[in-house]
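The values are calculated or read from the model by the stated rules, or taken from the named source; none is laboratory data. All values derive from a computational prediction rather than experimental measurement. In this analysis, Cβ positions are derived from the backbone assuming ideal geometry, glycine residues included, and neighbour counts consider all displayed protein chains.
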Amino acid sequence: MKPQTIKHNPKLNEARTPGLMEWLRRTDFNDLVSSEMHSRDFNGSRAEYVYMRVRLLALVFSVLSLLWIPIDVFIVPEDALGSILTLRLAYSGLFLILGMLTWCPQSLGCARLRLSTFVLIPCLFYVGSRLIFTHDTDIETVLVGYSFLPYLTVVLLAIFPLTLIEGLGYASLVGITFLGSEVYFGGFLTISTLGDIWLLTLLAGIAVWAQLAQLHMLLRLYREASRDALTGLVNRRVLNKWLSLEITRARQEESSLSILLFDLDFFKQVNDTYGHLAGDKVLQTFSRLLKRDLVNYNLIGRYGGEEFMAVLPNLDESAAMIIAERIRKNCHSVQTQGSEGHIISFTVSIGVTGLRNTDTTETLVHRVDKGLYSAKMKGRDTVVLAE
C-alpha cells in the first residue's frame, strides 16, 4: 500500500491566518497618523487613559527622585552637591504637582499638555545636571545616574496610545534635548555619542511602534463596543455619555443645547410585510439621511430599535425645530428597495426639546420622549416641541 501524499494548499493557510497584506487592507492608516478622524467620545476616552497614566507615573517619579538623594550624597562632589540637591527637589516637586492636577481629564488638548510636561521635566533636569557638572573633571562617573534619563523617558512613552504625529513629536523633544546637550557641552559628536544617538533612535522607533499598536487596538475595541453594527452610528450607551458631557459643557459656557428623538412610523409593519432584511435597509437608509442632514453635528446615534437621537450643541429649540422639520420632509423623498424589488417609503415622527436650568440627563431624555409620544398621538409624520 503506497503512502498517501499530502498536498500543500496555500489557500487553506491563507484562510486560517491573515497575512500582512490582509492586515494592511483592514487598517485605516489615517486613524494612526493623526486624531482628526477620531470621534469626540474616543478622544475623550483616550485623553482619560493618558491622564490616569501620567498622574500615576508622575507620583511614582516624585517619590523615586527623592530616594536617589543618598546616592547623590555618595557620588556627587561636595562643591556641586547643594546645587544638584536643589535641582532634584525641584524635579520631584514638579512631578508631584503634575501628579496632583485633576483638571479636564477628558480633554485631548489637556492630555497632550500633561504628556508634554511629563516629557519636559526630565529633559530640563538632564540639561540642568549637565550644567552643574560641566566643570567637573570626573564627569563620566558623576553622570552615571543621570545619563539614562533620555532613554528612560523615551521608553516610558511606549505605554501611551499615541498617533504617529504625537509619538514622533514627543520623541523628537527628547532627542533634541539630548543632541543639543551633547553638542553644547561636548563641542563635537564623538563615536560614543553617535552610538548613544543610534540607541536612542532605536528605542524611540520601538516606542512609536508600541504606541501605534495600542492606539489601533483601542480603536478596534472602542468601535466594536460603541458602534451599532447595522447603521454604523453610535449606540445608546455612548449617546447618554455624550449627552451628559454636552450638558456639563453647555452649563459651563452658558450656551444652548437641544436634542431630537426620532421614531420611524409603523416600522413593525415594514418588517411584517417585507421582511427583516428590508427593515434593516430602511434603518440604514434613514441613518445615512441623518448623517447627511446633520453633517455639522456628529453626535448622532441609534437609541434602540427604530429610534434615533441627535444631540445639537449651541442650538436653541427654535433652531432645532427647523432642522427636525427639514429631516421630516426629506424622508418623503427617500425610498429603499426590498429583497423582492418592492419600493419602500417611510416617514418619521420627531420629538424636540432644549436644555433647562434644572435638567439632568434623565429629565431631558424623558421630556423629549414625551414630545415624541405626542407626535405619534397627533398622527405621526410630524414634529412636536416637548412642553
Q) Of all residues in the range 37-79, which are closer than 19 Å to LEU131 by Cβ and in contact (Cβ under 8 Å) with a residue 60 or more places away in the chain? A) TRP68, ASP72, ILE75, VAL76, PRO77
Q: Out of the residues in the range 88-120 that are charged (D, E, K, R) and modelled with pLDDT of 95 or more, state the one that is nearest to PHE133 (Cα to Cα).
A: ARG114
Q) Does SER287 fit the bill of being in contact (Cβ under 8 Å) with a residue 24 or more places away in the chain, assigned to a strand (DSSP E or B) and either in contact with a Ser or Thr (Cβ under 9 Å, 6 or more places away or on another chain) or surrounded by 13 or more Cβ atoms within 10 Å (Cβ to Cβ) (or both)? A) no
**Q.** Matching residues in the range 363-387 - criterion: being hydrophobic (A, V, I, L, M, F, W, C) and assigned to a loop (DSSP other than H, G, I, E, B)
**A.** ALA386
Q) What single numbered condition from (1) crowded, with 21+ Cβ neighbours inside 10 Å; (2) outside any helix (DSSP H, G or I); (3) modelled with pLDDT of 95 or more; (4) not basic (Lys, Arg) fails to hold for GLY301? A) (3)
**Q.** Residues satisfying the stated conditions in the range 336-362, i.e. over 15 Å from VAL311 (Cβ atoms) and either in a strand (DSSP E or B) or outside the structural domain of VAL270 (by TED's automatic domain parsing) (or both)
**A.** THR336, GLN337, ILE343, ILE344, SER345, VAL348, SER349
Q | Residues that are of a type in the set (Phe, Trp, Tyr) and free of Cβ contacts under 8 Å to residues at least 60 places away in the same chain, drawn from the range 153-195 | A | TYR170, PHE178, TYR184, PHE185, PHE188
Q. Mind checking which residues of the range 28-50 are crowded, with 19+ Cβ neighbours inside 10 Å and among the β-branched types (Val, Ile, Thr)?
A. VAL50
Q: Kindly establish whether HIS366 is surrounded by fewer than 22 Cβ atoms within 10 Å (Cβ to Cβ), in contact with a Phe, Trp or Tyr (Cβ under 8 Å, 6 or more places away or on another chain) and assigned by TED's automatic domain parsing to the domain that holds PHE267.
A: no
Q) Here are SER226, SER172: which of them is in contact with a strand residue (DSSP E or B) (Cβ under 8 Å, 6 or more places away or on another chain) and small (Gly, Ala, Ser)? A) SER226
(Q) Out of the residues in the range 205-251 meeting the condition of being under 13 Å from PHE160 (Cα atoms) and touching a Ser or Thr at 6+ places or on another chain (Cβ under 9 Å), tell me which one is surrounded by the most Cβ atoms within 10 Å (Cβ to Cβ). (A) GLN211
Q.
Kindly evaluate GLY175 against the criterion of being at pLDDT 85 or above, buried (at least 21 other Cβ atoms within 10 Å of the Cβ), within 30 Å of TYR49 (Cβ to Cβ) and in the same structural domain as THR117 (by TED's automatic domain parsing).
A. no
**Q.** Pairs with Cβ under 9 Å, 6+ apart, first in the range 374-387 and closer than 12 Å to CYS331 by Cβ, second assigned to a loop (DSSP other than H, G, I, E, B) and of a type in the set (Asp, Glu)
**A.** ARG380/ASP265; ASP381/ASP265
(Q) Suppose we filter PHE74, PHE61 for residues that are exposed (fewer than 12 other Cβ atoms within 10 Å of the Cβ) and in a helix (DSSP H, G or I); which single one remains? (A) PHE74
